[in-house]
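> Encoded as structure tokens, here's the structure I'll be asking about.
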Amino acid sequence: MGAGKNKSHRKKRISKHVLQSEERKKEAQLENKLISAAGGNGETLADSPVEKQSSDTKNSKVKDPQEAASYLTLWNHDRTNKSGAWKFNKNTQSWLLRHMYNSDKVNKQTFGLLVEYICQGGEGTRSRVEEDAKQKAIRYKEWEKKQQQQSNGEDGKDDEVQAETPKGAKNDSKTEEEAWAELNEHDKRKEYKRARKVIDALKDVREKEKAG
């Protein structure tokens, strides 16, 4: 009789395992459909941010820009359809915020979604992103002023100091300053435009919150 009970328990465990397996398959199929509906560029489920979460926890950086783009694409689709397929991923978000001004890693379309994503985020994240954007905008305007003075034959020495350490802004790390200094005029201008877009978008959010 004891053997019969054990056999019965094994059957229940096997049945539960099979049911869980079937549920996972159904969820995978649903997520694939959602990614396709959201306009994914042929990503498979293995490439989607949902399935990559376990690997992201092991790796501090998201190495594939397309993976980060898919994360935002799924977020944008999910906020409209409320399917619950999108899951927050801290590592992916951190990667996006670190590289948001790098057009080689975050293209124009992804950046547009990222700005909307930031505007929907918490006050703490929005404040940090806005402060960083303001520092970048100040840095560019000071650099631009220095370039104009040099072209007019002025010294511009004092302005160079201001460009490195904007008033009211925190000092950037040496490596970031060096990387920025190596950018050509076009890329510096592109970074500035992105910074202005972030600043304007977050300003609109604050005004709407006050009005509401």
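The values are calculated or read from the model by the stated rules, or taken from the named source; none is laboratory data. The model shown is predicted, which means the values in this text are computed figures rather than measured ones. Ideal geometry is used to build each Cβ from the backbone, glycine not excepted, and the neighbour counts take in all protein chains shown.
> Does the range 95-114 contain at least one residue that is aliphatic (A, V, I, L, M) and in contact (Cβ under 8 Å) with a residue 60 or more places away in the chain?
Yes; the residues of the range 95-114 include at least one that is aliphatic (A, V, I, L, M) and in contact (Cβ under 8 Å) with a residue 60 or more places away in the chain.
Residues checked against (1) exposed (fewer than 10 other Cβ atoms within 10 Å of the Cβ); (2) at pLDDT below 95:
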position	(1), (2)
K174	yes, yes
A179	no, yes
E182	yes, yes
K190	no, no
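> Residues in the range 103-124 that are at pLDDT 95 or above and polar (S, T, N, Q): how many?
Total satisfying the criteria: 3.
> So for the range 77-88 (the condition being modelled with pLDDT of 90 or more and touching an Asp or Glu at 6+ places or on another chain (Cβ under 7 Å)), does at least one residue qualify?
Yes: the range 77-88 contains one or more residues that are modelled with pLDDT of 90 or more and touching an Asp or Glu at 6+ places or on another chain (Cβ under 7 Å).
> Which residues, counting only those in the range 71-97, are within 8 Å of the chain's Cα centre (by Cα) and of a type in the set (S, T, Y)?
Matches in the range 71-97: T92, S94.
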